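These notes are about the structure you will find just below.
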Amino acid sequence: QVQLVESGGGLVQAGGSLRLSCAASGTIFSINTMGWYRQAPGKQRELVATLTSGGRTDYADSVKGRFTISRDNPKNTVYLQMNSLKPEDTAVYYCRRTQLGTEYWGQGTQVTVSS
């Protein structure tokens with residue numbers, strides 16, 4: 001079993017920055033993918049960014065050039081640096097980890113961007 005604990009959400013003005021963190025604990029395997037997804041009110045959950053343990057990244061087109069995903073493997077932590085935030089980035093952000101074909105989700109952290 002894996003537990004994911006997210007932190008770093010909050011309220012920020014448009015153009016501002018936030019950094020999200022997600023720490024994994026429990027039964028950890030070195031080969032894995034960690035990522036961030038978000039869900040705005042009335043919308044489906046969507047991919048924001050993912051990063052494999054091998055270093056491969058994937059970003060949603062809407063965040064390319066503004067968001068950066070990174071990870072600290074010894075700490076089993078993934079980060080999402082969000083710059084130039086827009087009101088449309090407002091959502092609950094969820095951390096996801098997949099390993100050995102099993103996915104795990106965090107509880108979510110609210111990000112609100114005011115105009």
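The values are calculated or read from the model by the stated rules, or taken from the named source; none is laboratory data. Worth saying up front: this structure is predicted, and the values here are computed from it rather than measured. Here the Cβ positions follow ideal geometry from the backbone for every residue, glycine too, while neighbour counts run over all protein chains shown. These accessible areas exclude ligands, DNA and RNA; they are computed on the full protein's heavy atoms, side chains included. Shrake-Rupley method; radii C 1.70, N 1.55, O 1.52, S 1.80 Å.
Numerical summary
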quantity: Tabulated pairs, region 14-43, first at positive phi, second in a loop (DSSP other than H, G, I, E, B) and at pLDDT below 95, C-beta under 6 angstrom, 6+ apart or interchain; calculated: Gly26/Gln1
quantity: Positions within region 53-73 being out of contact with any Leu (no Cβ under 8 Å at 6 or more places or on another chain), open to solvent by 40 Å² or more (accessible area, probe 1.4 Å) and at pLDDT 95 or above, in sequence order; calculated: Arg56, Tyr59, Asp61, Ser62, Lys64, Gly65
quantity: Some residue of region 95-103 being β-branched (Val, Ile, Thr), in contact with a helix residue (DSSP H, G or I) (Cβ under 7 Å, 6 or more places away or on another chain) and surrounded by 13 or more Cβ atoms within 10 Å (Cβ to Cβ); calculated: no
quantity: Residue satisfying all of: in region 71-91; assigned to a strand (DSSP E or B) and either under 19 Å from Gln13 (Cβ atoms) or of a type in the set (Lys, Arg) (or both); nearest to the chain's Cα centre (by Cα) among these; calculated: Leu80
quantity: Selection within region 95-115 - assigned to a strand (DSSP E or B) and under 17 Å from Asn76 (Cβ atoms); calculated: Cys95, Arg96, Arg97, Thr98, Gln99, Thr102, Glu103, Tyr104, Trp105
quantity: Filter result for Tyr59 (free of Cβ contacts under 8 Å to residues at least 60 places away in the same chain and aromatic (Phe, Trp, Tyr)); calculated: yes
